[in-house]
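The values are calculated or read from the model by the stated rules, or taken from the named source; none is laboratory data. Being a predicted model, the structure only gives us computed values, none of them experimental. Virtual Cβ from ideal backbone geometry, glycine too; neighbours counted across all protein chains shown.
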Amino acid sequence: MKQTLDIILAPLQQADREQFIHDNQEAFKYGATEEFGMLDDRMEEGEEVISRKTIEHCIDGEQSETYRIVCDGEVVGGLILQIDKQNTKGDLEILFIKPEAHSKGLGQAAWKAVEAMHPEIRVWETMTPYFEKRNIHFYVNRLGFHIVEFWNKYQHGPTVPDNIEENWSEDDEMFLFRKVIANS
């Protein structure tokens, strides 16, 4: 018998903002450490894989929705969406699960909750660094996204968002993923 996970997407409260940023940075640091064995020049500022500035930019976006992922009363992760209802497009800016909660289906359950919460969205996009094999597997094999572009030193053209372009280095490599929701 398959157990159903009880996931709640709780809107981020101002009092939880610092913890959300810290948890996000820890999850991203874990991913980089798992891949490279030690932290290296992929850091944005200081010793963080994802900077406070990047996270805050996502949280404070004009069309932003930020949630804590809660399972059985415990915060296990978080996510940030940008929702463009007029164009029925959504961007998954950030999704993270705390490392101690990995491989339990929580990310997939959270994404199902997102799609249920936003049935009006027809196209979802997200991106992840090339080295994040867990994320690539997750988006493609678990959530049904497709890789539609590979940004690298040869291709960082018109679809690279402005907030990435300004900090782009020749060594940066990212995948752009897209999921088109079929009309029911």
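One residue stands out among those in region 85-99 that are touching a residue at least 12 places away in the same chain (Cβ under 8 Å) and in a loop (DSSP other than H, G, I, E, B): the one that is surrounded by the most Cβ atoms within 10 Å (Cβ to Cβ), which is Lys98.
Candidates Glu65, Glu34, Glu45: the one that is within 23 Å of Val123 (Cα to Cα), surrounded by fewer than 20 Cβ atoms within 10 Å (Cβ to Cβ) and either at pLDDT 90 or above or of a type in the set (D, E, K, R) (or both) is Glu65. So is Gly77 more than 17 Å from Arg178 (Cα to Cα) and either assigned to a strand (DSSP E or B) or not hydroxyl-bearing (Ser, Thr, Tyr) (or both) or not? Yes. The residues of region 111-136 that are part of a loop (DSSP other than H, G, I, E, B) and not β-branched (Val, Ile, Thr), listed by number, are His118, Pro119, Glu120, Arg122, Tyr130, Phe131, Glu132.
Residue by residue, here is whether (1) closer than 27 Å to Lys112 by Cβ; (2) under 16 Å from the mean Cα position of the chain (by Cα); (3) modelled with pLDDT under 75; (4) surrounded by 15 or more Cβ atoms within 10 Å (Cβ to Cβ) holds:
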| position | (1), (2), (3), (4) |
| --- | --- |
| Thr4 | yes, no, yes, no |
| Gln13 | yes, no, no, no |
| Asn24 | yes, yes, no, yes |
| Asp40 | no, no, yes, no |
